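First up is the structure itself, then whatever we jot down about it.
The values are calculated or read from the model by the stated rules, or taken from the named source; none is laboratory data. All values reported here derive from a predicted model rather than from experimental measurement. A quick note on method: Cβ atoms are made from the backbone with ideal geometry, for glycine too, and the neighbour counts reach across all protein chains shown.
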Amino acid sequence: MNKLAFITGTSSGIGKATVERFSREGWKVIATMRRAERAKEFGWPDNVVVKELDVTDHDGVSRVAREVIEEHGVPYAVINNAGCSVMGSVEDTPLEDAKRVFEVNYFGTVSVIRAFLPHMREKGEGVIVNLSSVVGKSSMPLIAHYCATKYAIEGLSEALWHEVKKFGIRVIVIEPGTIKTRLINNAKVIPSTLSEGSPYGKMAKRVAELVSGGSPPEEVADVIWKAVNSKAERLRYIVGEKSSYLLLRRLLPESIFLTLAHEYFGG
Ligand SMILES: NC(=O)c1ccc[n+]([C@@H]2O[C@H](COP(=O)([O-])OP(=O)(O)OC[C@H]3O[C@@H](n4cnc5c(N)ncnc54)[C@H](OP(=O)(O)O)[C@@H]3O)[C@@H](O)[C@H]2O)c1
């Protein structure tokens with residue numbers, strides 16, 4: 001195992017905490033972000049190499065992956081963390097906003113995997129970590145497209161787990177509950193859903209309450225660290241506040257679960 005990790009979306013939150021966790025453990029980390037100058041204020045040590053990358057720029061992804069392999073070798077851990085969200089009802093959210101979330105969360109992840117996988121396969125080792133969410137298993141209203149991208153990540157990852165197992169590559173899905181990061185503040189909000197007199201107003205207030213606060217991002221970084229360094233062939237890891245919600249989903253008949261969840265969401 002070469003102790004080299006490649007991580008996307010490291011300017012804040014879980015990505016930043018993961019860079020710091022891996023670098024503290026002595027790994028070399030390729031920390032990618034849309035605006036590299038943001039890293040100057042972080043005071044990261046020399047074993048962190050910052051590279052500029054927008055995961056929706058697919059040529060950029062291929063170029064950066066080539067550079068990383070030439071300069072540092074094939075990363076053992078490729079961690080797809082970059083993500084964004086949009087908040088609005090399905091009827092209010094323009095298609096372009098739905099597509100943008102898919103471009104970042106889903107196609108950005110696919111693009112990074114495609115850039116590194118042939119090299120990892122040749123080496124016969126490595127781990128691909130994809131950030132999903134509790135809402136990749138159980139949807140929440142008014143963030144439907146974000147949930148859909150995470151369901152897509154779940155489907156992608158499980159298929160990939162089967163495809164690459166025989167090459168010595170592991171696939172890991174991280175399913176955080178509510179984590180205190182900039183994700184919610186940075187989410188595009190569709191004004192009509194929240195406007196005075198919106199038929200979704202009551203639900204919007206409740207959803208905003210539910211997604212605020214949460215566990216520190218370091219808790220997720222810790223789970224990523226342990227999962228990458230584990231020998232287990234485990235696919236999914238649940239972590240953080242409200243993640244036990246998924247246990248209820250598993251235990252209850254769907255009709256009962258949906259009725260309870262609907263009330264919980266202020267329906
Ligand atoms: N927070 C939660 O409750 C929670 C729960 C479950 C799963 N997650 C997942 O965890 C991951 C990290 O999110 P976070 O909570 O740590 O939120 P965050 O603090 O907002 O971090 C998201 C990161 O993704 C980057 N990003 C956005 N668009 C990008 C693009 N086109 N190319 C490259 N980077 C891009 C952001 O960079 P900029 O600074 O350039 O915008 C930022 O560094 C996401 O996949 C998210 O869906 C979060």
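Checking each residue in the stretch 133-144 for being in a helix (DSSP H, G or I) and either of a type in the set (Lys, Arg) or away from the ligand (no atom under 12 Å from the Cβ) (or both) picks out only Ala144. Among all positions in the stretch 228-251, there is at least one residue which is outside any loop (DSSP other than H, G, I, E, B) and more than 17 Å from Val134 (Cα to Cα).
Only residues that are assigned to a loop (DSSP other than H, G, I, E, B) and either in contact with an Asp or Glu (Cβ under 9 Å, 6 or more places away or on another chain) or over 29 Å from Phe116 (Cβ atoms) (or both) were counted across the stretch 171-197, and they come to 6. Filter the stretch 77-106 down to residues that are within 11 Å of the ligand (Cβ to nearest atom) and over 28 Å from Ala204 (Cβ atoms) and give me whichever is farthest from the chain's Cα centre (by Cα). Going through the qualifying residues, I end up with Ile79. Lys165 meets all of the listed conditions (1) loosely packed, with under 13 Cβ neighbours inside 10 Å; (2) assigned to a strand (DSSP E or B) but one, namely (2). Here Leu210, Leu160 are screened, and the one residue that is in a helix (DSSP H, G or I), at pLDDT below 95, more than 18 Å from Asp97 (Cβ to Cβ) and of a type in the set (A, V, I, L, M, F, W, C) is Leu210.
Looking across the stretch 1-38, the residues that are within 7 Å of the ligand (Cβ to nearest atom) and among the small types (Gly, Ala, Ser) come down to Gly9, Ser11, Ser12, Gly13, Gly15. Checking each residue in the stretch 234-262 for being at pLDDT 95 or above and of a type in the set (Asp, Glu) picks out only Glu254.
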